[in-house]
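Some notes on the structure that comes next.
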Amino acid sequence: MANYPPEITPAEGGRMTEVIKDWALAHGLTVRPPPAVVAAEVDPKEILATAVPVTLFPSPFPRVCFDQGVAVQKTYNELYASISQDEAFLTQVVKEIGDSDNFITELWKVHLRVKEEGYVQHKSLGLFRSDYMVHQDGASSTPQIKQVEFNTIASSFGGLSSQTSLLHRYLSTTEYPLLEKSVERGALDLPENGSAAGLAAGIRHAFIEYGPPTTSHQKCVIFLVQGGERNIFDQRRLEYELQQSQEPHVPVFRLAFSEISQHTSLAEGSGRQLLYRPPQLPSHTFEVAVIYMRSGYGPSDYPDQSAWEARYHLERSAAIKCPTVLTQVAGTKKVQQVLATPETPSNPSILSRYLSKDSASVSSLLDTFTNIYPLDETESGLKARKIAADPELCKGYVLKPQREGGGNNIYRTSVPPFLQTVPESHWPSYILMELITPPPVKNTILRNGNLEYGGVICELGIYGTCIWDQQSKAILHNEQAGYLLRTKGDKSEEGGVAAGFGCMDSCALV
Ligand code: ADP
Ligand code: MG
Ligand code: MG
């Protein structure tokens, strides 16, 4: 479509701002405002919400790329379920990351302790999100998606994303046809987006897979969250979706990571059932079937040893974890780098180890990889060290530590001076990745009541849900579960919505 998205007049922008703010608040497309924004006289007990930053229009997105991401998701689910079961491979990865990364070291210790006494729960739940950007070699070549990263813990925005798709669908029938440069009703191809329902269905399946309670208590699901979470409505949407089906009824409780030991215990005996006592119901106890972690992915959730003990306590319990420590480690950028390392005669691709029976699947995954290098003393590591030290070459790269949640990467010309501050023995805990530069798109972003028009960069996330059994190696559930489109101004390096740089968007397929 020519000249889409249209540039709008200030009057049109003013009207759309009002329409979007109302729709967002009425449909939970909201976040809690930052504490600094909340006026001092507002009672902190009063619930406050503000519209999330969104694009005024769904950004144009190549249909071939969207289809490619959807098509490959179940293979990715299967791959990460397999990696989670390959303890020998993950042991090697943790060794290569090295002791300088205390977070990964401590995390791995949790696994080793539980392994020593034996796991009592062999089923695992993955709520995954594979993130991509569009890559195009030349204007005439077919665009392709290239993977930015694969998330195995706390993959967020599935609750808000299906709402954003609904917002844009609503605007396409009400507001866009009224614009000076009208976008006719039905002119946009807006794909269905079942992210909230799909992720909730994954949790519901795990709840069922847990089987009947083995204590005298009713089963429940715990959302393990951070204190003061601003992105709470994203999480609440999944909780409300879970209640959409009456059978089974799924009681959900939110528990702060810092309060695990206060409110949970393990049942006596060898079953290690996780028992939860809701503070608001002193005489009730629940048997936890599923722990869905929206916390615990970074060092700030583990301020002291007692927090690590709390994670260990959950890990050794009989609850189905989303994710286990093994799956969390499978989601490190180091694993992504090893997967993306090209095959050589002496070093066969590890992808074929996991998907050996299906060469079409392997090549569909390979198509989504971009160059990622280790920073170790191997041949490709030494090549990467040269790039990372060179003021010109480094301009096409991003340096990543083994961290999640945004704001941790080092970009372009900041890489060489940054590495000089890091002892060389710690370099192997980073990976160096080629930057993906998608073709230019323009859109208007509504953020905090202000409109910003200009070049934007879109990142597509495809959600997947997977349940597997570590013991029998069986995959019990494997689904693609909707999508996320996150958009940022083209001057910003990071795109996290929660981190304050990006905004919610949806796809208009072109
Ligand atoms: P995190 O786990 O913290 O989200 P990411 O690997 O997703 O880490 O990086 C954060 C952001 O940095 C991404 O959302 C994207 O905007 C940008 N980014 C990361 N890797 C690349 C890349 N290879 N090319 C372009 N942008 C990237
Ligand atoms: Mg990311
Ligand atoms: Mg991530």
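Here are some notes:
- Residue match in region 451-465 (condition: over 28 Å from H135 (Cα atoms) and either in contact with a strand residue (DSSP E or B) (Cβ under 7 Å, 6 or more places away or on another chain) or touching a residue at least 12 places away in the same chain (Cβ under 8 Å) (or both)): no
- Residue within region 487-507 that is among the basic types (K, R), open to solvent by 10 Å² or more (accessible area, probe 1.4 Å), out of contact with any helix residue (DSSP H, G or I) (no Cβ under 9 Å at 6 or more places or on another chain) and not in a strand (DSSP E or B) present: yes
- Being over 22 Å from T91 (Cα atoms), of a type in the set (S, T, Y) and under 25 Å from the mean Cα position of the chain (by Cα) is a property that S364 has.
- Extreme residue, nearest to ligand 1 (Cβ to nearest atom), among residues of region 454-473 that are of a type in the set (S, T, Y) and assigned to a strand (DSSP E or B): Y463
- Pairs, first of a type in the set (V, I, T) in region 390-415, second open to solvent by less than 20 Å² (accessible area, probe 1.4 Å) and away from ligand 3 (no atom under 16 Å from the Cβ), C-beta under 9 Å, six or more apart: V398/V415; V398/L432; I410/L419; T413/C394; V415/I387; V415/A388; V415/C394; V415/L432
- Residue in region 355-367 that is within 22 Å of E404 (Cβ to Cβ) and open to solvent by less than 10 Å² (accessible area, probe 1.4 Å) present: yes
- Within region 385-413, the set of residues being more than 15 Å from ligand 2 (Cβ to nearest atom) and out of contact with any strand residue (DSSP E or B) (no Cβ under 8 Å at 6 or more places or on another chain) comprises R385, K386, A389, D390, P391, E392, L393, C394, K395, T413.
- Hits in region 459-476 (condition: open to solvent by 10 Å² or more (accessible area, probe 1.4 Å) and either out of contact with any Lys or Arg (no Cβ under 6 Å at 6 or more places or on another chain) or away from ligand 2 (no atom under 16 Å from the Cβ) (or both)): D469, Q470, Q471, S472, K473, A474, I475, L476
- Any hit, region 19-37, residues being over 23 Å from the mean Cα position of the chain (by Cα), charged (D, E, K, R) and open to solvent by 30 Å² or more (accessible area, probe 1.4 Å): yes
- Inside region 130-146, residues that are more than 22 Å from V94 (Cα to Cα) and touching a strand residue (DSSP E or B) at 6+ places or on another chain (Cβ under 7 Å) make up a count of 9.
- Summed over region 393-410, the residues that are within 16 Å of ligand 3 (Cβ to nearest atom) and either touching a His at 6+ places or on another chain (Cβ under 8 Å) or over 16 Å from Q337 (Cβ atoms) (or both) give a count of 3.
The values are calculated or read from the model by the stated rules, or taken from the named source; none is laboratory data. Here the structure is a predicted model, which is why all the values come from computation and not from measurement. In this analysis, Cβ positions are derived from the backbone assuming ideal geometry, glycine residues included, and neighbour counts consider all displayed protein chains. Ligands, DNA and RNA are excluded from the accessible area calculation, which covers all protein heavy atoms including side chains. Shrake-Rupley method; radii C 1.70, N 1.55, O 1.52, S 1.80 Å.
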